[in-house]
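Worksheet: the structure to be examined is printed underneath.
The values are calculated or read from the model by the stated rules, or taken from the named source; none is laboratory data. Predicted, not measured: the structure shown is a model, and the values here were computed from it. Heads up, the Cβs are rebuilt from the backbone with ideal geometry, glycines too, and the neighbour counts pull from every protein chain shown.
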Amino acid sequence: MINLIKALFLESFRNKISFFSSILLPVIFFLIFAFVFSDEVNVTFAYFCNNRLDIPGVYFEDKEKLLKEKDKYSAVAIIEDEIVVYKNYDDYTVDLWINDIKQKVATTIDVLRINEKELDYIKLSEKERIYLGSFVLSLISIGMFSSVNLFERYRNFGVIKRFKLLPLSAFQFIFSFSISQFIVSFFSFVIVRLIGLVVFSIDLKVNYFYFLLSFVSAVIGMLGIGSFLSVVFKKSASSIAQFLYTIFVFFSGVYFPLNFLPDFLKRITYFLPVKYINENFQYSIFRLFSFERFLLQNLFLLSFGIIFLYVGGKILFSKEEWVKK
C-alpha cells in the first residue's frame, strides 16, 4: 500500500495540468494579489450614546443592535455611566479614537473608567485574507481535480485493470489515493505558508486541533465532490470541474472580502463548499461563530466526501471488473 501511495503522490506532480492548477496557480494568485494590495486595514468605528457625538464612527441609537453587529467594526464603544470599548483590531488609530471619546464626553458625563474588551473575532488584513483564500483555493483544486483525474483518466486508460491483478480492494485503493492527496495538500500548504512567512511576514496564530480538523474535512470533502462529478457526469466531469473552479475562485476571498458581495450573491455562497471551508479555517484563527456550527460544517464535509469516495471507488472497480469478464 505504501508503494501505491507513493505512486499516486508522484502522479500528482507528473500531471502538468493538475500540478499547475492545484499548486502553482494558487501560489501565483497569492503573490500577485498580496503584492498589489496594501497591508492596510480599513479601520471602522461605531458607538452608542444617548446623544450623537462629534467623533468618527457610525452612531447607533439601539444599544442591543450595536452589540449584535460589533464584530463588523474595528472598535465599538458603549457610552453610558461608564465607557465600554470592544476592540476587534489593535492599532494606534483605535487608541486615538478612544482618547477622542474621552475628551468629547468629559464635558457631559464623568468618565469613571474605560473598560476595554478584546474580542475573539479579529479583522484580517488584506494580505492575510488573500493568504487564507489562496490556501483554501489550493485545497479545493487538489481535492476536486485529483478525483476527476483519477476516475476519468484511470478509467479511460484502463489503469485500474492493472491494480485488479493485485490483492487490492476498492477501499484500499481509495484510502491510498486519499492519503496521497493529503500529502500533496500538505506540500501545498507548506509552500503557501513559507511564502506568507518569508515574503510577507504573515504569521497567523491558529488552534492546531481546529486547523487539522478543517484541513482533513476540506480535502475529504473536495475529493468527494470530484468523485460525485465523475460518477454523475462521466464524459464532461473535467469541463464541469473547471467551471466550478472558476466560481470557487470568485468566492474564495482572494479577490475581495466576501462581506462586500451583494445579498443575492451572498445567498449563492450558501450552496458552495468554498464558503464553509474558508469559514472553518477562519475559526481556527479566531472564534467566528459557535463551536456547534464549526463542528457541523466539518462533519458535513467529511460525511459527504467519505460517502462519495466510497461509492465512486466501488463503481470504478465494478466497471473494470465487468470489462475484464
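From the list V190, V198, V274, which one is within 23 Å of N298 (Cβ to Cβ), surrounded by fewer than 20 Cβ atoms within 10 Å (Cβ to Cβ), assigned by TED's automatic domain parsing to the domain that holds L150 and of a type in the set (A, V, I, L, M)?
Just a single option satisfies the conditions, and that option is V190.
Go through the stretch 294-309 and count every residue that is more than 30 Å from S169 (Cβ to Cβ) and either touching a residue at least 12 places away in the same chain (Cβ under 8 Å) or outside the structural domain of S147 (by TED's automatic domain parsing) (or both).
First, the residues of the stretch 294-309 that are more than 30 Å from S169 (Cβ to Cβ): 294-297.
Next, only the ones that are either touching a residue at least 12 places away in the same chain (Cβ under 8 Å) or outside the structural domain of S147 (by TED's automatic domain parsing) (or both) stay: 294, 297.
Adding up the residues that qualify gives 2.
Within the stretch 205-228, how many residues turn out to be within 25 Å of G313 (Cα to Cα) and of a type in the set (F, W, Y)?
Number satisfying all stated conditions: 2.
Might you check whether a residue that is hydrophobic (A, V, I, L, M, F, W, C), farther than 16 Å from F135 by Cα, surrounded by fewer than 14 Cβ atoms within 10 Å (Cβ to Cβ) and free of Cβ contacts under 8 Å to residues at least 40 places away in the same chain occurs anywhere in the stretch 210-230?
No - not one qualifying residue is present in the stretch 210-230.
Considering every residue within the stretch 9-20, establish whether at least one is among the aliphatic types (A, V, I, L, M), at pLDDT 75 or above and in a helix (DSSP H, G or I). Walk me through it before giving the result.
The first filter runs over the stretch 9-20 and keeps only residues among the aliphatic types (A, V, I, L, M), leaving 10, 17.
Within this subset, residues satisfying the condition of being at pLDDT 75 or above are 10.
Of the ones still in play, those that are also in a helix (DSSP H, G or I) are 10.
Yes, the conditions are met somewhere in the stretch 9-20.
Note down all Cβ pairs under 8 Å where the first residue falls in the stretch 276-293 and is part of a helix (DSSP H, G or I), the second is surrounded by 22 or more Cβ atoms within 10 Å (Cβ to Cβ) and hydroxyl-bearing (S, T, Y), and they're at least six residues apart or on different chains.
Sorted first by the residue in the stretch 276-293, then by its partner, the pairs are I277/S214; I277/S217; N278/S252; N280/S214; N280/S217; F281/S214; Y283/S214; S284/S214.
Within the stretch 49-105, work out how many residues are at pLDDT 85 or above, in a helix (DSSP H, G or I) and surrounded by 20 or more Cβ atoms within 10 Å (Cβ to Cβ).
Qualifying residue count, the stretch 49-105: 1.
Going through the stretch 233-263 one residue at a time, which ones are surrounded by 12 or more Cβ atoms within 10 Å (Cβ to Cβ), in a helix (DSSP H, G or I) and modelled with pLDDT of 80 or more?
Matches in the stretch 233-263: A237, S238, S239, I240, A241, Q242, L244, Y245, I247, F248, V249, F250.
Can you work out which of the residues in the stretch 122-157 that are outside any helix (DSSP H, G or I), of a type outside the set (A, V, I, L, M) and within 16 Å of the chain's Cα centre (by Cα) is modelled with the lowest pLDDT?
Per the stated criteria, the residue is K123.
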